[in-house]
1. Taking segment 1-33 only, how many residues are farther than 13 Å from Ile74 by Cβ and either at pLDDT below 90 or buried (at least 16 other Cβ atoms within 10 Å of the Cβ) (or both)?
2. If you go through segment 155-164 one residue at a time, do you hit one that is touching a residue at least 12 places away in the same chain (Cβ under 8 Å) and small (Gly, Ala, Ser)?
3. Return the total of residues in segment 194-233 being β-branched (Val, Ile, Thr), at pLDDT 90 or above and in a helix (DSSP H, G or I).
4. Return a yes/no flag: does segment 240-248 have any residue that is under 16 Å from the mean Cα position of the chain (by Cα), without any contact (Cβ under 8 Å) to a residue 24 or more places away in the chain and either surrounded by 13 or more Cβ atoms within 10 Å (Cβ to Cβ) or assigned to a helix (DSSP H, G or I) (or both).
5. Identify the single condition in (1) over 25 Å from Met109 (Cα atoms); (2) of a type outside the set (Ser, Thr, Tyr); (3) not in a helix (DSSP H, G or I) that Lys191 does not satisfy, given that it satisfies every other one.
6. For segment 37-146, list the helices (runs of 4 or more DSSP H) that sit wholly inside it and hold at least 2 residues that are of a type in the set (S, T, N, Q), surrounded by 14 or more Cβ atoms within 10 Å (Cβ to Cβ) and modelled with pLDDT of 90 or more; which are they?
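The values are calculated or read from the model by the stated rules, or taken from the named source; none is laboratory data. Quick caveat: nothing in here was measured; it's all calculated off a predicted structure. Quick reminder, even Gly has a Cβ in these numbers, built from the backbone with ideal geometry, and neighbours come from all protein chains shown.
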Amino acid sequence: MLTKITKMEIRRAFFRRQALVAFLIMSAFFIQGFEAYRPGPLVPVTANHNFYFAFLYAHGNGASGLLPLVFALIVSLAAGDSLAWDKKSGFIQYVLMRTSYKTYIVGKMVSASVVSFVFVFISELFCFVLAAIQFPNISDINKIHSSFIPKYAGSLFIDHPFLYILLIIFNSALSAVFISMVSVFVSTTVKNIYIVVATPWLLFILLHFVLYSINLTRYAPLDLVGAYILNHFSYRTLEIPFIWIVLSIVFYTLTYFFFARNFKARVYNG
């Protein structure tokens, strides 16, 4: 039954209008980043102006790359509001008449995780292809200025730049899992779709400024979805995915606990 519910939720999520809108928004912000990175007509094109760096710049390395500011909003729009829609439409009552609340919420969390991960991975891979179409390849990686070499997993970039891009996309997809879990968690107590979608975005913005104000900038969330690539903190390769996995597990647990508590309270109170 869990597998059936999970598959049903994944199919529903991918064919929603919100997923298409989120994909278009993400593509638009990547294109904006590409245009900000593109050298002017009087600037000579060097090895530094290639599609790898264009993608990384648009991903959040550059000051004009705006994607980190809206990344959480895009993900929650694509995959985080399904529980809230079930509650708003009454679909949750229909499902809970046919299965246990445990199976339902686990299926909801698994499907939201899968959808958010796949959505971000495919969307960013598509945007990387757009960068490859618009910018030249690296003719000789040794010609790249050292200041452009990523601080995060730099040796992987030098040896295998395409695998490096896949690593960055993988990290982003893991962060999307966490973002979707925050939305699902909020949905356990809130029915308002706008609040559910906006909460992860507001949380990212608020935590970013709070952590900067108390000198814990290493873990500022907006940096962890973009600027960490060139950040002077020199994150270990597994540190970024580890952070997102641990945070996702925490919100998996919280979501399950709060949903179960609210369901039992509703049954007990009639």
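1. So the answer is 18.
2. No; the residues of segment 155-164 include none that is touching a residue at least 12 places away in the same chain (Cβ under 8 Å) and small (Gly, Ala, Ser).
3. 6
4. Here is the first cut: in segment 240-248, the ones under 16 Å from the mean Cα position of the chain (by Cα) are 240-248.
Subsequent filtering for residues that are without any contact (Cβ under 8 Å) to a residue 24 or more places away in the chain retains 242, 246.
Retained after the next criterion (residues that are either surrounded by 13 or more Cβ atoms within 10 Å (Cβ to Cβ) or assigned to a helix (DSSP H, G or I) (or both)): 242, 246.
The answer is yes; a qualifying residue exists.
5. Only one criterion in (1) over 25 Å from Met109 (Cα atoms); (2) of a type outside the set (Ser, Thr, Tyr); (3) not in a helix (DSSP H, G or I) is unmet by Lys191, namely (1).
6. Numbers: elements: 51-56, 67-75, 82-89, 91-96, 101-134.
Answer list for segment 37-146: 101-134.
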